[in-house]
Amino acid sequence: MSASLQTGLTRASLRRPGFAAALIHRLSGIALALFLPMHFIALGTALQGADRLESFLGLTHNGLVRTAEWGLVCALAVHMALGLRVLAIEWLRFRERDARVVAGCLAAAFAVGLLFLLSGA
């Protein structure tokens, strides 16, 4: 880690569950934002007719695209779970920043991803 990045951040703060949760929440948000243009392209092809949409959706049978879809579902679930954690901290005076809470959020999110993967979607 560069010295400029470490300014203001101690090694102890980097190991705190709250810091890790905030970082993961932000990264999953970025992943979702990067997905939006592709989603808008898919919606745009739907407006151009069924044949055009069908040819676009034919691309989704690629293994790499299916893996990306699974990653997207996991990112959405992680973002939602950690967002609910943030709301609980802000609105319910829930101050638990324990590693178990963060691990529970991540486990729930990856369980959703695993269900998506096993459903064959």
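The values are calculated or read from the model by the stated rules, or taken from the named source; none is laboratory data. All figures in this text were calculated on a predicted structure; none of them were measured in a lab. Glycine gets a Cβ as well: all are built from the backbone with ideal geometry, and neighbour counts include every protein chain shown. In case anyone asks, the SASA skips ligands and DNA or RNA and just uses the protein heavy atoms, side chains included. Shrake-Rupley method; radii C 1.70, N 1.55, O 1.52, S 1.80 Å.
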Worksheet entry | Derived scalar couplings ³J(HN,Hα) [segment 19-34; Karplus, 6.51 cos²θ - 1.76 cosθ + 1.60; whole Hz; x for Gly, Pro] | 5, 5, 5, 5, 5, 5, 4, 5, 5, 5, x, 5, 4, 5, 5, 5
Worksheet item: Which whole-Hz couplings ³J(HN,Hα) result when phi for each residue of segment 78-91 is put into the Karplus expression 6.51 cos²θ - 1.76 cosθ + 1.60, θ = phi - 60°, listed in order with x for Gly and Pro?
Response: 5, 4, 5, 4, 6, x, 5, 4, 5, 4, 5, 5, 6, 9
Worksheet, complete the sentence: With label points set 7 Å from each Cα along the Cα-to-Cβ direction at Leu23 and Leu36, the distance between them in nm comes to 2.5 nm
Fill in: Nitroxide proxy distance, nm - points 7 Å out along Cα→Cβ at Ala68 and Leu43
1.8 nm
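Of the heavy-atom accessible surface of segment 18-113 (probe 1.4 angstrom), what whole percent is carbon and sulfur?
Details: 4640 of 6450 Å².
Heavy-atom surface of segment 18-113 belonging to carbon and sulfur, 1.4 Å probe: 72 percent.
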Fill in: Surface accessible to a 1.4 Å probe, His79 within the full protein complex, Å²
60 Å²
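Filter the GluC sites (Glu not before Pro) in segment 46-110 down to the DSSP loop ones having no more than 12 other Cβ atoms within 10 Å, then list what survives. Let's see the in-between values first.
On the way: sites: Glu54, Glu69, Glu90, Glu96; in loops: Glu96.
Passing sites in segment 46-110 are Glu96.
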